[in-house]
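**Q** Structure provided below as structure tokens; questions to follow.
The values are calculated or read from the model by the stated rules, or taken from the named source; none is laboratory data. Fair warning: this is a prediction, and the values are worked out from it, not measured in the lab. Quick note on the areas: whole protein, heavy atoms, side chains included, nothing else; ligands and nucleic acids left out. Shrake-Rupley method; radii C 1.70, N 1.55, O 1.52, S 1.80 Å.
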Amino acid sequence: MKGGKVGFTPTDSDADEPMATFVKSIQEMPYNISVIQISHTLSSPSAEAPTAAPADINLISLLARQGCKSFSGMLTAQGADDVFTESIKEGLIVFCPSDDVVKSFAPSYKNLTAAGKTSLLLYHGVGVYESMDMLRSGAGSRNTLATEGAKKFDFTVKNDGDDVKIVTKLNSATITGTLIDKDPVAVYQMDEWRKWLVSWEEGGDGDAELFVQTLNVIGGSHESSLSHPKYQRLLEVTTRICHQLQKLKVKEIQGCGTVEVESDMQELVKLVLTKSSGDLDCHTKQNFLTIARSFYYTAHCSTDIIGFHIDKVLFERLV
């Protein structure tokens, strides 16, 4: 070009003049890569053409052929297969248990409510495609297909050497194999699946966590507190206590407690009352104990007694 300029034009362009010209060099790595700045964006009819839609994928059939027949059967029986299939359009990861481990967990699974079964199955899907390399390089939180509104069912992806771990509030499991990895679908197999499911079941419906987080946000707790190791431990213990109390019937525990709840309550009180270097502020810690005490109270008192107490506090004159 005139003046020693360098121009660029896509090969499928009909333009007589170059679409862009060289401006400056950004980075040069001889015999490897060079990054340059040009004056305008290059457009190409071929590049702008819509890409072909992915061929229809029969996810249930794929899972069954890859050793996840029992899990795929659970998806179909519960009607959760439609959610997984619909998610393929935007990308999908499935964390799949083998038939043997599904069989071992079947008795516990049957005792779940219909809603609990659906949530549990959806917990094994993430609405985005990621290869194993992408998971390794993109450690962090992932929302599952079970997340809905205030009920946030998520987990954390962490690297452990060459392994990739899926970490929940109460447990972790390692990805042991890749069954399918073809954009837009990836299916990974997990170890210790039964233990992971038990942890999910024991994690509860998230009410206690929601209450604690709300109190702390309203109280002005700094966002950095949420990632503090002691905050995470307090949240774990409080969530476990509250869910255990929710599952117990009033007539079964009135006037007495359970070993698990009492042990966790002792740990919670110790976490709240003890101080350490770089500790959380006392108000944030106290919120955890307040929520646990509220759940403890409702578990040990009947609806009539709670109503009587509310009536007494709201309507009786103070002496």
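**Q** Under a 1.4 angstrom probe, counting protein chains only, how are V102, V128 ranked by accessible area, largest first?
**A** Of V102, V128, the descending order of accessible area is V128, V102.
**Q** How much length, in nm to one decimal, is gained on full extension between E148 and V167, taken as 0.36 nm per residue of separation minus their Cα-Cα distance?
**A** Value of the extension gain: 4.9 nm.
**Q** Give me the extension gain from K24 to T41: residue separation times 0.36 nm, minus the current Cα-Cα distance, reported in nm with one decimal.
**A** The K24-T41 span can extend by a further 4.6 nm.
**Q** Mind checking the full-extension length gain between T9 and H300? Use 0.36 nm per residue of separation minus the Cα-Cα distance, one decimal, nm.
**A** That works out to 97.1 nm of additional length.
**Q** Please compare each pair in K103/K230; K110/K182; K89/K117; K103/K165; K69/K182 to a cut-off of 30 Å on the Cα-Cα distance and tell me which ones are over it.
**A** Result: K103/K230; K110/K182 exceed 30 Å.
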